[in-house]
Each structure stands twice: as C-alpha cells, then as structure tokens.
C-alpha cells in the first residue's frame, strides 16, 4: 500500500503522541512507590520513664493483702520482711485525724474483713479477686456479697475496663490538675489474670493516666491515691522480677526498688507477701 505525503505526516504525529513507558536497565517495570504511612505516636520520654508496674499471680504461698497503717509503701516494705511488693491505697479523709483519716471507699479482704468507710459515693469502680484467686476483674458496678470474694477494693474513678479507657476517666472534674498517679489493675498473661500495681511519677491528668494504662495493655484498672502518696516498692529476691527503670538501693542481701513520690504517709497499703517467710523485722 502506498501512502500519500499527507497520510505519512498524520501517521507520524499519531505515533509521537503515544507515551513510552519507562524501563529499568533490566527491561522490567519500575516498582510502585509505597504508600506513605502515618507517623506512629511517640510518648514523651519523661512520661515513659516515669511509668512502672509490677504484675503477679496470687498463690497460696504468695497472696495479696491489705492493711490499714500509717506509713509509706517503701517504709512498710522495710518493716515487714514477708512483703514482696507494696503500693499505696485509696483516698482518705481530708482532716488526716481520727476518725476522718479512714480510707474512703471499700477495702474488704477475707482475712480482715472491712478496712474502709464503705461510703457508696466514694466507690464508682471495683477491683475484685474471686474466692479461689483465679478471677481478677475491674468493673464500674458491684454485684453479690463481699463474702463471695477474696478481695474487693472500691474507689474512683474507673480508669480502664475491657481494655478501653472508661468514661469516668474523661469527666471534667478529674482533669483539673496533674499529679503523680497510682492504680491497681489486671492484665492477662497466657490466659491467666494477673494483679498489677502501677505508678506514674510524672504529673499527668487522670485521663492521660487512663490512656497510658490502656496502651500498656491493661484489661482493667482502678485509680488509687496520687500525688505525694503515690509509691510502688518492690523487694528483689529469687523469682521476683526487677525493673530496669527503678533506682535500686541495697538492704543487706535484698534489693528494694521504688518508683513514685511517696513523701506523704498513706493510710492503707496493698501488698503481695510470702507466707513462708518469718514475720520478724530485719535489721537494715
């Protein structure tokens, strides 16, 4: 077939408008660009460094206890050689003198019964341990009778429930100031409910505290007293984990690690202890 000069001109123009696909030296098509991913949220270093928790499973040998006493968790740990880990309790009366220095809320344990005022308005969340010690839970309501449980702690606010920040923690009345914080809660480890003591020694709001515990994987958490009362103390011994973020100080052959302020004496301590150790005071 013969083309006229005009036809050849039109054909050349058409070919020139077809874009050529770029080729790599190997002759293959270049790889598609990866989509831009959102930058992951990074916590402030001082907040991350200020957090610590201690989790354990209650056993007949190493159960949990609560005691009404005027001291700091670190001092109680030094005074009671059976104690392994100690954290401060819930809020107590504003006058700090009897009878108003009672812990406000619910503090029930099968061995010692009731150790708080049991004023319902101070209990908007409940940390419970079943009679056999296998079920640990945090709820915003309480059902049943105290004797059905080994331990019941009732205070406010509920921080985390079912792995999510609880609405109580976002209420405006809890956002008025920042302070060091402490909490008692639960995580699941290999399908086992563990009891966790947690502290944040950097000043945060209640909402920020709840959000941090959510990020740490807490299934449930209940707020304890904060600010200068907040302290977690852990004694180091065989099979008891240590926290790298803790500052350590040696007491004889054991190591006590502390986190939090703990400059003001609390009226209630919550602790894990070893029944098999002699209950006599060590010389420090």
Kindly list the number of the only condition in (1) loosely packed, with under 13 Cβ neighbours inside 10 Å; (2) touching a residue at least 40 places away in the same chain (Cβ under 8 Å); (3) more than 26 Å from residue 267 (Cβ to Cβ) that fails for residue 143. (2)
Name every residue in region 179-191 that is farther than 17 Å from residue 226 by Cα and either in contact with a helix residue (DSSP H, G or I) (Cβ under 8 Å, 6 or more places away or on another chain) or not in a strand (DSSP E or B) (or both), in order of residue number. 190, 191
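Residues are listed down the side, and each one gets a yes or a no for (1) within 13 Å of the chain's Cα centre (by Cα); (2) modelled with pLDDT of 95 or more; (3) closer than 20 Å to residue 86 by Cα:
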site	(1), (2), (3)
148	no, no, no
154	no, no, yes
167	no, yes, no
170	no, yes, no
173	no, no, no
182	yes, yes, yes
186	yes, yes, yes
192	no, no, no
Return the residues of region 118-128 that are crowded, with 21+ Cβ neighbours inside 10 Å and over 17 Å from the mean Cα position of the chain (by Cα); say none if nothing qualifies. 123
Is it true that some residue in region 240-258 is at pLDDT 85 or above, buried (at least 18 other Cβ atoms within 10 Å of the Cβ) and at positive phi? no
In region 146-178, how many residues are touching a residue at least 60 places away in the same chain (Cβ under 8 Å), touching a helix residue (DSSP H, G or I) at 6+ places or on another chain (Cβ under 7 Å) and either farther than 15 Å from residue 212 by Cα or not in a strand (DSSP E or B) (or both)? 3
With respect to residue 198, determine if the residue is surrounded by 23 or more Cβ atoms within 10 Å (Cβ to Cβ), assigned to a loop (DSSP other than H, G, I, E, B) and in contact (Cβ under 8 Å) with a residue 40 or more places away in the chain. no
Which of the residues that make up region 62-77 are part of a strand (DSSP E or B) and farther than 19 Å from residue 128 by Cβ? 68, 69, 70, 71
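The values are calculated or read from the model by the stated rules, or taken from the named source; none is laboratory data. Computed from a predicted structure; not experimentally measured. Neighbour counts are summed over all protein chains in view; Cβ atoms, including those assigned to glycine, are modelled from backbone coordinates with ideal geometry.
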